[in-house]
Amino acid sequence: MKRFFSPLALGALLIVSTMTFSACQKQTDPVPEKQPVAAEEPKIPAETNTGSVSESNLETIAQKEAAEAARQEAETIYQNNCQSCHSMTPPAISAPPIVALAGQYRARYSKKAGAVADMVSFMKEPSVGKSILGSATFERFGLMPAISLPDEELEKVAGWLWDQYDPNFQGGGDCQ
């Protein structure tokens with residue numbers, strides 16, 4: 001009988017030690033490193049039960065697309081009519097850079113609508129009295145010519161100029 005228990009005890013011991021080793025191995029395996037998360041793609045609105053995009057999501061998408069189209073149109077107006085004199089950033093070409101102008105308008109006006117109205121008025125009929133810039137600017141650059149664009153285009157480019165504000169920009173000698 002002694003022979004029967006010895007191999008059985010030996011087999012049980014072998015099974016228990018294998019199970020213990022497996023359990024320990026699972027606990028001590030290194031944790032796999034997390035893979036870097038790729039930038040998320042823009043989320044497309046979830047579809048409703050009927051398979052269509054919700055009305056509010058369609059409105060939001062349409063508003064974003066309209067705003068981007070307006071921004072591109074205003075930037076094109078700038079490129080075609082203003083960029084030859086007004087660079088985006090210093091150094092100045094032959095007029096103050098856009099970022100400096102945006103900062104001046106932001107310093108003077110708290111609301112975009114008032115600034116845009118005054119920019120349009122100035123662009124249509126430039127004068128020292130309508131300007132937000134100091135006399136040194138006119139001594140350096142002179143007075144800009146009147147811009148003969150439709151009011152709608154002047155409003156678009158003026159709104160775009162307002163949006164070019166950079167709170168980190170610090171004007172200097174080349175800016176005004």
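Each reported figure results from applying straightforward, stated rules to the coordinates on display, with no laboratory input. A quick note: this is a predicted structure, and the numbers were derived from the prediction, not measured. When we count neighbours, we look across all protein chains shown, and the Cβ atoms used for this are built from the backbone with ideal geometry, even at glycine.
Values computed for the structure shown
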{"read-out": "Theoretical gain in end-to-end length, Ala62 to Ala107 [0.36 nm per residue, Cα-Cα removed]", "value": "13.0 nm"}
{"read-out": "Extension reserve of the Asn168-Arg140 stretch, reckoned as 0.36 nm per residue once the Cα distance is removed", "value": "7.6 nm"}
{"read-out": "Separation in nanometres of the label points that stand 7 Å from Cα toward Cβ, at Ser127 and Thr89", "value": "3.7 nm"}
{"read-out": "For Gly129, net neighbour charge (Lys/Arg +1, Asp/Glu -1) across residues whose Cβ lies under 15 Å away", "value": "+1"}
